[in-house]
Amino acid sequence: MDDLMQEAAALRGQRTDVPNMTLTAPKALVEVYLHQARNLPEITSVSQSDFYCVVEVTGSRQLYSSHVAQDTLHPVWNESFQVKVGQNDDQMVSISLFAERAGREDQFIGVVVVPVRRVETGPGSEEGGWYEMRGDDNGMVSGPEGVSKLELTLLHKPAEQGLQPRMGWLTKRHNMTMKWERRFFILDPYNQMLRFFASPEHAQS
């Protein structure tokens, strides 16, 4: 990776068609710790209960998915996701629970919604505990042993300002043709995500 970064630096110095991106730093970051769930409902349409969660932020395209916890109504994930929040004080972090169904559309079970403002103003800029889930009709979700709940911890922290994107070239296999090709990439330092382009010119569009 260091070699790629050196090559990217050389590209920026020698090529005018390599994009010189400037990212707008988010107002803050929220670290979402997804611990576990309990008392989940039995899914009668599948042979076993396999659950996963999707973390989203209102008003953004951020979407993160946990691994699938298999064959249990009390799944444990112990995963964390870092999401960006902007200037909108009304933003919400939602954690949705789905049941995986092979060969069929996954089934939505319920959701927990936490206002970013509540996390920011909480003791130590932190919020956590067991949260009851709401279903499609906004009613309480329940399993055979009681109300379904997610255990979460959310930590609000300031975003580091002035980070710059990193860019360079990678050789990767095309998903459809399975041929190896050289692709230009840009690394978003806030999301730690790679964006691939056919060429630097495409990255400018």
| Between R101 and A159, what FRET efficiency comes out of the Förster formula 1/(1 + (r/R0)^6) with R0 = 41 Å and r the beta carbon distance, rounded to 0.05? | 0.65
| said: Around R117, under 10 Å between beta carbons, what's the net of Lys plus Arg minus Asp minus Glu among the other residues? | reply: -2
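Go through region 29-133 and name the trypsin sites (Lys or Arg not before Pro) that are in a DSSP coil and have 15 or fewer other Cβ atoms within 10 Å of their Cβ. Spell out each step's value before the answer.
Values: sites: R38, R61, K84, R101, R104, R117, R118; in loops: R61, R101, R104.
Taking region 29-133 and a limit of 15 other Cβ atoms within 10 Å, the loop trypsin sites (Lys or Arg not before Pro) found are R61, R101, R104.
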| request: Kindly rank 141-148, 76-83, 120-127 from highest to lowest mean number of other beta carbons found within 10 Å of each residue. | output: 76-83, 141-148, 120-127
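Taking the Cβ of E42 as the center, what net charge do the other residues with Cβ under 13 Å away carry, scoring Lys and Arg +1 and Asp and Glu -1?
Values: positive: none; negative: D50, D71, E145.
After counting each charged neighbour, the total is -3.
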| request: Measure out, as a whole number of angstrom, how far apart the alpha-carbon centroids of region 103-167 and region 51-70 sit. | output: 10
| task | Go through region 34-42 residue by residue and turn each phi into a ³J(HN,Hα) via Karplus (6.51, -1.76, 1.60, θ = phi - 60°); whole Hz please, and just put x for glycine and proline. | result | 9, 8, 6, 9, 8, 6, 6, x, 6
| query | Given a cut-off of 19 Å, what percent of all Cα-Cα pairs of region 55-183 lie beyond it? | reply | 63
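Coordinate-derived values only; no laboratory data. Computed from a prediction, not measured in an experiment: that's the story for all the values here. All Cβ positions, glycine included, derive from the backbone under ideal geometry; neighbour counts span all protein chains shown.
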